[in-house]
Amino acid sequence: MSDVQANPETKSRRKSLWPQTSLGRVTLVGIAYFLIGYGTALVDPVVPDRLRFPWRLMAWVLSGLTFSAHIWHQHFRRRTSPRKTASQVAAAVAVGAFLLAFAATAHAILVQTQTPLWRYALALVLWPIITAVPAFVVALVATAVLSRLPTRRVA
């Protein structure tokens with residue numbers, strides 16, 4: 001008999017891969033956005049020309065699925081309000097954008113590009129804002145709509 005079967009309390013205390021704190025979830029999802037964006041960009045040069053558009057589209061689709069899954073988790077599993085859901089989803093998007101801007105800045109420093117470094121410093125501030133504001137609006141509208149839909153109660 002396993003520990004989980006022997007002790008029912010153990011089942012509720014099992015560690016989940018999904019962080020239990022809001023900051024942890026925002027960070028994890030932000031890192032996922034970064035890995036999708038940076039990972040597909042790393043592989044992009046070896047993708048044949050005829051597959052380049054579907055490859056880049058795949059990155060958008062994966063990011064969209066991540067965005068949707070985060071909204072779903074916040075709304076249905078955590079039962080947070082539309083505003084809090086939108087704030088946390090937008091924060092995760094901002095973390096991903098910041099990490100991408102940071103990677104671009106590090107690359108520019110290592111490769112010594114001709115582009116002035118102040119532009120990369122500006123990107124560290126602007127990319128999170130430019131991505132988080134629309135993400136907040138979309139997540140707020142999506143969760144407001146989801147909260148108005150009838151829920152099916154299981155008896």
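Readers should treat all values here as calculations from the given coordinates under stated rules, not as data from a laboratory. The shown structure was predicted, so the numbers you read here are calculated from the model rather than taken from an experiment. Positions of Cβ are generated from backbone atoms using ideal geometry, with glycine treated the same way; all protein chains shown enter the neighbour counts.
Each 10 Å bin from zero holds the following percent of Cα-Cα pairs in the range 21-147: 13, 37, 32, 15, 3.
Size of the range 52-98: Rg and Dmax of its alpha carbons, in Å, are 12.4, 39. Please list, in order, the residues from the range 70-88 whose amide nitrogen is less than 16 Å from a point placed 7 Å along the Cα→Cβ vector of Arg148. 82-83, by backbone N distance to the label point.
Extending 7 Å from the Cα toward the beta-carbon at both Ile129 and Leu28 defines two label points whose distance is 3.1 nm.
Could you list Leu110, Leu35 so that the one with the fewest beta carbons within 10 Å of its beta carbon is first and the one with the most is last? Intermediate results must be reported in sequence, preceding the final value.
Values: Leu110 8, Leu35 14.
Taking fewest neighbouring Cβ atoms as first place, the list is Leu110, Leu35.
3J(HN,Hα) along the range 125-141: 8, 6, 4, x, 5, 4, 8, 6, 5, x, 4, 4, 4, 5, 5, 5, 5 Hz, from the Karplus curve 6.51 cos²θ - 1.76 cosθ + 1.60 with θ = phi - 60°, whole Hz, x for Gly and Pro. The convex hull built on the alpha-carbon positions of the range 106-153 has an orientation-averaged projected area of 5.2 nm². Sorting the segments 73-83, 89-99, 54-64 by their mean number of nearby beta carbons within 10 angstrom, highest to lowest, gives 89-99, 73-83, 54-64.
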